[in-house]
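Okay, structure first, notes after.
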């Protein structure tokens, strides 16, 4: 597994987002659980601590990232490269590719497995651009990076899509 098998968004550029779902965009290192192993975006098989391996669900693919707070990007990189996981790291799940249903239903399915260090992002509806800007301001106020805006009907597929958008600064 590598980034070619993962779903990726595009930058928001005046796309219509009414009815989309917002989740926080975390600044960590992308990682895909294939149901047996965790893989980096670059195709590195990540050497997991036993505590992580014990809670990641066998046979259930999850897309997410290793996250260690707003200042943890470099620590996450060390975890991928050298296996140096910290107690504060988590695996933030933002999709469950093989689960049935629309996006929030897939996250609800993944949430059944949410035991530390596995966490699932929270869905927030976006009625219009003003609401997206409000949510973005909230995320930025606590040091976050931005939002991911997604068409809730979007099925998981590899590659880039204009129905999954990075929304990172007040436009």
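No value in this document is a laboratory result; all are computed from the given coordinates. Nothing here was measured: the structure is a model prediction, and the numbers come from that model. Because the Cβ atoms are built from the backbone with ideal geometry, glycine has one as well, and the counts that use them run over all protein chains shown.
With the Cα gyration tensor of segment 74-141 giving a ≥ b ≥ c as the square roots of its eigenvalues, does the rule (a/c under 1.5 for rounded; else a/b larger than b/c for prolate; else oblate) give rounded, prolate or oblate? Could the numbers behind the result be given before it?
Working: a/c = 2.71, a/b = 1.35, b/c = 2.01.
The shape class here is oblate.
Summing -39500 (n - 2.57) over the DSSP H runs of n ≥ 4 in the chain and dividing by its residue number, what mean residue ellipticity at 222 nm do you reach, to the nearest 500 deg cm²/dmol? Show your work: numbers first, answer last.
Values: 4 runs with 38 residues, N = 171.
Helices in the chain give a 222 nm mean residue ellipticity of -6500 deg cm²/dmol.
Between residue 4 and residue 88, the modelled labels are 3.7 nm apart [label points 7 Å from Cα along Cα→Cβ]. Relative to the longest principal axis of the Cα atoms of the chain, the long axis of helix 73-82 makes an angle of roughly 30 degrees. Given in Å, the Rg to one decimal and the Dmax to the nearest whole number for the Cα atoms of segment 3-167 are 15.3, 44. Note on residue 36 and residue 108: the model spin-label points, each 7 Å out from Cα along the C-beta direction, lie 3.1 nm apart.
Relative contact order, whole percent, for segment 3-167 stands at 36, derived from Cα pairs under 8 Å and 6 or more residues apart. A full extension of the chain between residue 128 and residue 70 corresponds to an added length of 18.2 nm, given 0.36 nm per residue minus the alpha carbon distance. Axis angle, to the nearest 10 degrees, between helix 129-141 and the longest C-alpha principal axis of the chain: 40 degrees. Placing R0 at 22 angstrom, the Cβ-Cβ distance between residue 44 and residue 160 gives a FRET efficiency of 0.55 after rounding to 0.05.
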